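So the structure is just underneath, and the comments pick up after that.
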Amino acid sequence: MPKAQKQSLLAVGGIQLNVFSPILDPGKAAGQVAVLFLLHGRLSKADVLEATAAKLVEKSEDRRSASDGTALELVVVTFDLRNHGIRTINPQGNQQWSLNAEENNPRHAVDMFSIISGTHRDISFLIDFLPSYLFPHGEKIVKRWMLAGISLGGHATWYALLHEPRLSVCIPIVGCPDYLALMHERAKISGLQFGPPVLPDSLLEIIERESAVATDKNPFLGKKILVLAGGKDKLVPWKFSESFVGRIEVGEEGVKKVIVYPDVGHAFTTSMEEDFANFVWEEGCCVKATSDAY
């Protein structure tokens, strides 16, 4: 019998959400919850993550039932990224540079960064309003906000971590915090000059303003960060993240864990999923469950 239930909320500021939560007897429900936003990759959609989201909730609830009862109840939220799934306006805008004229997207750099930038704003917006939709009578309190994303969702996770202080646990999966380095490599492979119109000056200004790499601040202190990457990833090579990730300082109260799977390409494997689920439980649901997240 399934231990997770899915609820679709059709109107949170116009964003359709899929909310996965445990099926509980009233007496076993927790008063405090941890909410995890789970983001899909480019050319994908939220529905692809349904099994992963349900499994996360079920595993967490099994562990919570077997624990001392102080752990947070886990709620997982998925939604289509901008210009994906039911939010698709321009399918070509999700393609990258290609020698194939039918698949080529000359605005790849600006199209993808606009989705990254818009997604981290969506996360902040949903943190503001989601509690009113989930718990209109104040039945439960969201004590911890978490974010994980795969590929494009992983890129967006890095930027949300930089700009949204209420996030305490973040797991970028085959994502990259250095957008310019990643795009420079793709432009080079495609035989393109990395400047206007491929990279407009106005876009460069936005990237530098929003980039985690360019900031002189440290938004990572006290954060719990798990970085999952494929050692053979050719689409988002680890080399463009390695130096920056190595310099991240989370302080005594933070956690930084990096796992590079040597034989994995641009994928989200079973091993990654297991390490991801363990981190969500240990750092998101268990640790200091009665303390505020921000």
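Points worth noting:
- Taking only Cα atoms of segment 52-109, radius of gyration then Dmax in Å: 19.9, 59
- Dividing the summed -39500 (n - 2.57) terms of all DSSP H runs of n ≥ 4 by the residue count of the chain sets its mean residue ellipticity at 222 nm at -10500 deg cm²/dmol.
- Accessible area per residue for the chain, computed on protein heavy atoms with a 1.4 Å probe, is 46 Å².
- Residue-count net charge about K257 - beta-carbon cut-off 13 Å; Lys, Arg +1, Asp, Glu -1: 0
- Considering only alpha-carbon pairs that sit under 8 angstrom and 6 or more positions apart, the relative contact order computed for the chain is 18 percent.
- Using the Cβ-Cβ distance between E205 and H184 with R0 = 22 Å, the FRET efficiency computed as 1/(1 + (r/R0)^6) comes to roughly 0.85.
- Between F194 and E273, residue separation times 0.36 nm minus the direct Cα-Cα distance comes to 24.9 nm.
- Per residue, the convex hull volume that the Cα atoms of segment 145-294 enclose (Å³): 103 Å³
- Computed over the Cα atoms of segment 100-188, pair by distinct pair, the Kirkwood hydrodynamic radius stands at 14.6 angstrom.
- Across the cross-link table entries K143/K223; K3/K55; K3/K45; K3/K257; K6/K140, which are compared at the Cα atoms, the separations over 20 Å belong to K3/K45; K3/K257.
- A crude spin-label estimate for the pair K55 and K217, with each label 7 Å from Cα along the Cβ direction, gives 3.6 nm.
- Linear extension gain, E252 paired with S132, 0.36 nm per residue minus alpha-carbon span: 39.8 nm
- The chain - percent of accessible surface contributed by carbon and sulfur, probe 1.4 Å: 51 percent
- Cα-centre dipole for the chain with unit charges at Cβ (Lys and Arg positive, Asp and Glu negative), debye to 20: 120 debye
- Which of P196, I207, I115, positive extreme of dipole for the chain (C-beta unit charges): I115
The values are calculated or read from the model by the stated rules, or taken from the named source; none is laboratory data. Remember, it's a predicted structure, so these values are computed and weren't measured experimentally. Virtual Cβ from ideal backbone geometry, glycine too; neighbours counted across all protein chains shown. Side chains included, ligands, DNA and RNA excluded: accessible areas come from the protein's heavy atoms. Shrake-Rupley method; radii C 1.70, N 1.55, O 1.52, S 1.80 Å.
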